[in-house]
1. Express the relative contact order of segment B:1-143 as a whole percentage, based on alpha carbon pairs under 8 Å and six or more residues apart in sequence.
2. Output the Cα-based Rg and Dmax of chain A in Å, rounding Rg to one decimal and Dmax to a whole number.
3. Along each of the three principal axes of the Cα atoms of segment B:2-222, give the extent in whole Å, ordering the values from largest to smallest.
4. Evaluate peptide A:8-16: per residue, the Cβ atoms of other protein chains within 10 Å of its Cβ; return the mean as an integer.
5. By DSSP, what percent of the beta bridges with both residues in the protein assembly as shown are antiparallel, rounded to the nearest 5?
6. Report, in deg cm²/dmol and to the nearest 500, the calculated mean residue ellipticity at 222 nm for chain B, where each DSSP H run with n ≥ 4 adds -39500 (n - 2.57) and the sum is divided by the residue count.
7. Determine the relative contact order of chain A: mean sequence separation of Cα pairs under 8 Å and six or more apart, normalised by residue count, in whole percent.
8. Evaluate peptide B:48-54: per residue, the Cβ atoms of other protein chains within 10 Å of its Cβ; return the mean as an integer.
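Since every read-out is calculated from the coordinates, none of them should be taken as a lab result. What you are looking at is a predicted structure, and each value in this text was computed from that prediction instead of being measured. Note that we place each Cβ from the backbone using ideal geometry, even for glycine, and neighbour counts take in every protein chain shown.
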Ligand SMILES: Nc1ncnc2c1ncn2[C@@H]1O[C@H](COP(=O)(O)OP(=O)(O)OP(=O)(O)O)[C@@H](O)[C@H]1O
Ligand SMILES: [Mg+2]
């Protein structure tokens, strides 16, 4: 296979493509509208309403006292793990991964515990969530809490529960990421169905087939000429999205969030492989019909289920990990290769040139 | 050299061309003549490896049109002008030609020169960057002709090259074709234009879904018609026609004004006898000439016979 010939076909197609200003417009606009403007318009108002900064007041906290000098870490005689208690009094216990509500806890050691509506005395707390709790003569680190009434305790609060911005952001990122994969799969349905049958109807296929190009070269050229604008406009929108996100979110999070590894891998590997699959499906359709409109319809018809299936699979993973992206991209890449050989195998010059049914 | 043996192509139940057996020597202009649907385009497409024959074989310079790798070589040696120009309408003439030139590996500079030369010859160089969609039919045809020639192919296949050209442009193209022949190219032309075929073709084949007749355009008529002599007399008396018709060696006689049109088996021998006979009758002979049959006559007669 001479890549040069594929390159020539692609350059010609792109030269023709450049003349179609409206098509270019829609291809450039679609990823920007769907991948940038729409998610930002949905989420930015929410994000800006979330209170800024790190300070995470514990509401109702009256006093954060210091411990008297004679405070000693309590001794315990039993370890309780992974259970829940309601309305009990606990003495000299070590509690790990326990849920407590309406309890009185005296001289206990708490680790990774959730305490609600209770009183704690003479205890040591670590990584504990407190809600509506009175803490007396106790020490604690890495706490998270609401409505704590503390008397003479030494408590160190940190934000262990995700803030609301941290709940909203992943949703937004996920949505944007999905769109940056779905859009390049959809864009080829605008261009690729035309690729072969368009030349046939324009009668330019005959002189083209009369040149010494092979089927593979011709198809490769056609595939690239749909792939390049689709991916190009996706990458453009992606760059724009990343810059805008960082600019808008910087005051909220203090460091540039984007792009992260998952995003980069998705846009560099997963998006192109899905885009390629959709291009291949459309080129296949285009080489099998004798009418441009039929190709356009059928192209959409073939690609849509593919996109829906993909959304189904991907949305099963709330957060795509870099590894997951690699796995999917590899899978799609293999499918693409198989599909290319299939398209090439069923490409029949004579039939395309002479069949008008 | 192009050698065809029993080339046959059917489309479903339609036989486009049957048993096409021919040899086209290098350096000649070969014409395929025939009415609409007689299989000219189909034959040309088979020879350019665009479609596969249903049966039969053909070699072009010892490359086999059935073989996939050979087919690629063959395509590289051919410049094809298809029936319909099939240009990229949004692109300019220059871009259209340049695109095709690249496939044949013509270096940029040579491509430039060749495109400039052909477009200038065809009078389109000044408009090379306009989208060809806005060009007239004949202008598009000229560009399509130029496209077949950009890579300087050995074999040039032209499907009705002058069909939509004005007389001056058609003449230009004909001269160009003769020029190409001088350079050693082999040219295959499909045409309906009989006088054109007569003027430029070394050999023509009459097709009617098979080969009806092959030969030099001038020689095709021989044996097809009894020869016709036209004698112009100063005056023709009305009694002459029945009298002359009864002469042994005259198969048919007609009077047209003061012209006597005779079909004679062997003019070389019989003409002097006719003239002597006329002079003895006291008639004054002004001109004697032999009617020449044009390719058109041959074509119409053969195609008509074929249809029966
Ligand atoms: N793609 C095709 N499908 C079906 N039949 C075809 C096809 N191409 C040609 N034919 C048939 O083959 C026959 C010969 O067609 P062809 O185009 O070779 O004729 P032609 O001599 O070039 O005619 P014209 O002078 O009108 O160009 C016709 O009967 C035509 O209908
Ligand atoms: Mg034809």
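1. Dividing the mean separation by the residue count of segment B:1-143 yields 19 percent.
2. 30.5, 99
3. The Cα atoms of segment B:2-222 stretch 46, 40, 34 Å along their principal axes.
4. Counting other chains' Cβ atoms within 10 Å and averaging over A:8-16 gives 4.
5. 40
6. The helix-only estimate for chain B comes to -11000 deg cm²/dmol at 222 nm.
7. Worked out over chain A, it gives 17 percent.
8. That average works out to 4.
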